[in-house]
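The values are calculated or read from the model by the stated rules, or taken from the named source; none is laboratory data. Because the structure is a prediction, the values reported are computed rather than measured. Here the Cβ positions follow ideal geometry from the backbone for every residue, glycine too, while neighbour counts run over all protein chains shown.
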Amino acid sequence: MIFNTTVMRYKVLTVDDSRTVRIIVRKAFKSYDCEILEAGNGVEGLAIAAKDSPDLILLDVTMPVMDGVEMLTKIKSDPQLKGIPVIMLTAEGGRDNVLKIAKIGVRDYLVKPFKEETLIEKAGRVIDLKPLSDQPTKAKSIFDPADILAVEDKPAIIQQIQEGLKHMPWKIHGVSTQGEALDYCTKTPPDLVLMSLSLPEESAFNLFRIMRTNIKTKYTPIFALAVKTETGQQQQAQTVGFSALITKPIDLGELEAKMCKSMNLDTSRRYFSIEPGFLMMRLPENCSPAVLAEVANYLKPKFSEAVDAGHTRMIIDIHELKTLHMGVIKLLFQAMQTCRELTLQFALVGNAQIVSECKGFEDTRNWLFCDSIDEAKSTLGKLGAAVPQMASA
Amino acid sequence: MSATAAINEQLLRENITRAINDVFSTMLGREPTFMGCTNILPDDGMSPPASGPASGNTTFVVGTVGFVGDINGLIYLYLDETLARHSTCHLLGMNEAELEQAGDEVINDAIGEITNMTVGSFKSGLCDAGYMCKLTIPSILRGSNFRIEPTTATTRYLYHYESAGHKVTADILIQTDE
């Protein structure tokens, strides 16, 4: 089934007699997935509103033919149009004028001159504005920099996170209050936020709500940090929609894995690399179920990618692995099977412990291992075009 | 309120300077500096008329918006053509080539809107101070070596600003009770 995504686009109607303001509005929204409709006065505005049912109307107050106040009155008395939210734009920001506008049932108002960011922020509170991607964006990998904001009033926790994740190319910025967090987000919208639920006066939940209403942080993953025993707080965090929950004491491995997943980072380069003449697959020292699942997901695409690029050989390196278990064996079977399907020649590199453990299983006792990468390369080099039987299952 | 007699130069200066700074910094990314004020006295028929901001060969784009109510008057906002073009490009996200193709009408619209916002902000300050008034629609003058002369009695001040080597002048004319 094919879905036409264009029909889902929000429509924003700008009604202003100034062509300049209409261009500014169009410019402000150009990075967001929405359609801009234009009218030069209230009469045109009403006609377009009736025909196109916009999701938001940006309405100037002072216009010829029919001004904004009259158009708004007509919108509010029309059963079909009265539900459309309206943001008024006015060049006259005096107290009386603002009070008058506030009383006639608008969702918000904006005084000219206005910054484009302010317009987008106000519109983003009314409609679910989504940034527009002109072309498929390159997936970010674990080797790309990212800005992480940690909102935590205990410096030791921030330090622990910074220390524990220092091997990642991430900049972890620690702040201790809601105000500092919002200031930081205004200047540098972060890629991910870690937020302690133990901030004073429940300000974490307040901060979460503010961030979710701000267009810049609306879709930013926000993790809740909570003490393991604070189950009430954890439930509340799940209810309001935090992206993930991390309990203290923090398991930094779990934190890193969840952060990678939330930021949709390509982690394949941890396990797969293209070396001169062959594809390398490496398993780490400890293969947790999460690691195995991650590697299994990358198997077929990475193998196919290598074959597509002209590679015919690969090395499966498990020499760092501490112990063999069923999960690892299943993954290796899957990898070998994929090699055969793609006629990839492969060699296994292990360590004494793993080789010994393999002898103990019926299915793995015939597996042949090389002692080093160099030996594996040399073995593969001696082989002909035929698929080797050296590691048959 | 019969305001014209009571309004003083300080109120005009503070409001126009705030309005110009607000509009120029928000919409044009500029921070104009106040350079001084000139009081243009009514023509007595004896002295030579004072030269205006557009007295040389430089082409100026001048936006004008009036205000009518407890206080009546007009503000002319003078920008030299180069500044008007730069401002339009910044405001509309265009480059020089696009602006050239779009023509002077786009510049007139943009400077008209800048003037409208400036006088709107100035007028809001007057309203907050108790001088209720409404704005008229903006219009544009263009040219070099010209002078604007009121035909009725006015109190008139020129407020001079500078922004990155360009001069900006706000010419405020307030109708006085005769």
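Residue by residue, here is whether (1) among the polar types (S, T, N, Q); (2) under 19 Å from the mean Cα position of the chain (by Cα); (3) assigned by TED's automatic domain parsing to the domain that holds A:Leu344 holds:
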residue: A:Thr188; (1), (2), (3): yes, yes, no
residue: A:Asn214; (1), (2), (3): yes, yes, no
residue: A:Val240; (1), (2), (3): no, yes, no
residue: A:Phe272; (1), (2), (3): no, no, yes
residue: A:Gly277; (1), (2), (3): no, no, yes
residue: A:Met280; (1), (2), (3): no, no, yes
residue: A:Leu283; (1), (2), (3): no, no, yes
residue: A:Leu292; (1), (2), (3): no, no, yes
residue: A:Val295; (1), (2), (3): no, no, yes
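Among the helices (runs of 4 or more DSSP H) confined wholly to segment A:111-188, which include 1 or more residues that are away from chain B (no Cβ under 14 Å), in contact (Cβ under 8 Å) with a residue 60 or more places away in the chain and more than 27 Å from A:Asp55 (Cα to Cα)?
In segment A:111-188, A:155-164 are the helices (runs of 4 or more DSSP H) which contain 1 or more residues that are away from chain B (no Cβ under 14 Å), in contact (Cβ under 8 Å) with a residue 60 or more places away in the chain and more than 27 Å from A:Asp55 (Cα to Cα).
Mind checking which residues of segment A:18-28 are buried (at least 18 other Cβ atoms within 10 Å of the Cβ) and modelled with pLDDT of 90 or more? Spell out how you get there, then give the answer.
Looking only at segment A:18-28, we keep the residues that are buried (at least 18 other Cβ atoms within 10 Å of the Cβ), and these are A:18, A:20-25, A:28.
Within segment A:18-28, A:Thr20, A:Val21, A:Arg22, A:Ile23, A:Ile24, A:Val25, A:Ala28 qualify.
Pairs please, first residue from segment A:334-351 and outside the structural domain of A:Val295 (by TED's automatic domain parsing), second anywhere and surrounded by fewer than 22 Cβ atoms within 10 Å (Cβ to Cβ) and not β-branched (Val, Ile, Thr), Cβ atoms under 6 Å, 6+ apart in sequence or on different chains.
none
Take the residues of segment B:85-124 that are of a type in the set (Gly, Ala, Ser) and facing chain A (nearest Cβ under 8 Å): which is surrounded by the most Cβ atoms within 10 Å (Cβ to Cβ)?
First, the residues of segment B:85-124 that are of a type in the set (Gly, Ala, Ser): B:87, B:93, B:97, B:102-103, B:110, B:112, B:120-121, B:124.
Adding the requirement that they be facing chain A (nearest Cβ under 8 Å) leaves B:93, B:110, B:112, B:120-121, B:124.
On the way: B:Gly93: 14, B:Ala110: 32, B:Gly112: 22, B:Gly120: 26, B:Ser121: 25, B:Ser124: 23.
Checking each candidate, the answer is B:Ala110.
Go through segment B:125-135 and give me each residue that's within 24 Å of A:Arg22 (Cβ to Cβ) and at the interface with chain A (Cβ under 8 Å from one of its Cβ atoms). Give the steps one after another, and end with the answer.
Keep residues of segment B:125-135 that are within 24 Å of A:Arg22 (Cβ to Cβ), which gives B:134-135.
Passing the criteria: only B:Leu135.
Can you pull out the residues in segment B:1-25 that are modelled with pLDDT under 90, of a type in the set (Ser, Thr, Tyr) and farther than 23 Å from B:Gly52 by Cβ?
Residue satisfying the conditions is B:Ser2 alone.
Which residues, counting only those in segment B:136-150, are out of contact with any strand residue (DSSP E or B) (no Cβ under 6 Å at 6 or more places or on another chain) and within 11 Å of another protein chain (Cβ to nearest Cβ)?
Scanning segment B:136-150 gives a single hit, B:Ile137.
State yes or no: is A:Ser196 closer than 20 Å to A:Glu230 by Cα and either in contact (Cβ under 8 Å) with a residue 12 or more places away in the chain or among the hydroxyl-bearing types (Ser, Thr, Tyr) (or both)?
yes
Any idea which of A:Thr220, A:Thr229, A:Thr247 is without any contact (Cβ under 8 Å) to a residue 12 or more places away in the chain and not in a helix (DSSP H, G or I)?
Numbers: A:Thr220 fails: without any contact (Cβ under 8 Å) to a residue 12 or more places away in the chain; A:Thr247 fails: without any contact (Cβ under 8 Å) to a residue 12 or more places away in the chain.
Checking each option against the conditions leaves just A:Thr229.
Give me a count of the residues in segment A:296-343 that are closer than 19 Å to A:Glu357 by Cβ, part of a helix (DSSP H, G or I) and of a type in the set (A, V, I, L, M, F, W, C). Can you show your working first?
Pass one, segment A:296-343, residues closer than 19 Å to A:Glu357 by Cβ: A:316-336.
Now restrict to residues that are part of a helix (DSSP H, G or I): A:326-336.
Still in the list and also of a type in the set (A, V, I, L, M, F, W, C): A:326, A:328-329, A:331-333, A:335-336.
Residues in segment A:296-343 being closer than 19 Å to A:Glu357 by Cβ, part of a helix (DSSP H, G or I) and of a type in the set (A, V, I, L, M, F, W, C): 8 in total.
A quick yes/no check of all residues on (1) surrounded by fewer than 17 Cβ atoms within 10 Å (Cβ to Cβ); (2) modelled with pLDDT under 90; (3) assigned to a loop (DSSP other than H, G, I, E, B); (4) within 36 Å of the chain's Cα centre (by Cα):
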site: A:Gly45; (1), (2), (3), (4): no, no, no, no
site: A:Ile57; (1), (2), (3), (4): no, no, no, yes
site: A:Thr62; (1), (2), (3), (4): no, yes, yes, no
site: A:Pro79; (1), (2), (3), (4): yes, yes, yes, no
site: A:Gly83; (1), (2), (3), (4): yes, yes, yes, yes
site: A:Val98; (1), (2), (3), (4): yes, yes, no, no
site: A:Ala102; (1), (2), (3), (4): yes, yes, no, no
site: A:Gly105; (1), (2), (3), (4): yes, yes, yes, no
site: A:Tyr109; (1), (2), (3), (4): no, yes, no, yes
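Have a look at A:Ser198, A:Ser262 and point out the one that is surrounded by fewer than 19 Cβ atoms within 10 Å (Cβ to Cβ), under 24 Å from A:Ser141 (Cβ atoms) and of a type in the set (S, T, N, Q).
A:Ser262
Is there a residue in segment A:306-329 that is at positive phi, without any contact (Cβ under 8 Å) to a residue 24 or more places away in the chain and within 37 Å of the chain's Cα centre (by Cα)? Walk me through it before giving the result.
Let us first name the residues in segment A:306-329 that are at positive phi, namely A:310.
Restricting the remaining residues to those that are without any contact (Cβ under 8 Å) to a residue 24 or more places away in the chain gives A:310.
After this cut, where a residue has to be within 37 Å of the chain's Cα centre (by Cα) as well, the list is A:310.
Yes, segment A:306-329 has at least one match.
Would you be able to say whether some residue in segment B:73-82 is of a type outside the set (A, V, I, L, M, F, W, C) and within 14 Å of chain A (Cβ to nearest Cβ)?
Step one: filter segment B:73-82 for residues of a type outside the set (A, V, I, L, M, F, W, C), giving B:73, B:76, B:78, B:80-82.
Now restrict to residues that are within 14 Å of chain A (Cβ to nearest Cβ): none.
No, that holds for no residue.
Taking the criterion of being of a type in the set (Val, Ile, Thr) and within 14 Å of chain B (Cβ to nearest Cβ), would at least one residue in segment A:44-53 satisfy it? Walk me through it before giving the result.
First, pick out the residues of segment A:44-53 that are of a type in the set (Val, Ile, Thr): A:48.
Checking the rest, the ones that are also within 14 Å of chain B (Cβ to nearest Cβ) come to none.
No, because not a single residue in segment A:44-53 is of a type in the set (Val, Ile, Thr) and within 14 Å of chain B (Cβ to nearest Cβ).
Quick test of your reading of the structure: B:Pro150 fulfils all but one of (1) surrounded by 23 or more Cβ atoms within 10 Å (Cβ to Cβ); (2) in a loop (DSSP other than H, G, I, E, B). Name the failing condition by number.
Failing condition for B:Pro150: (1).
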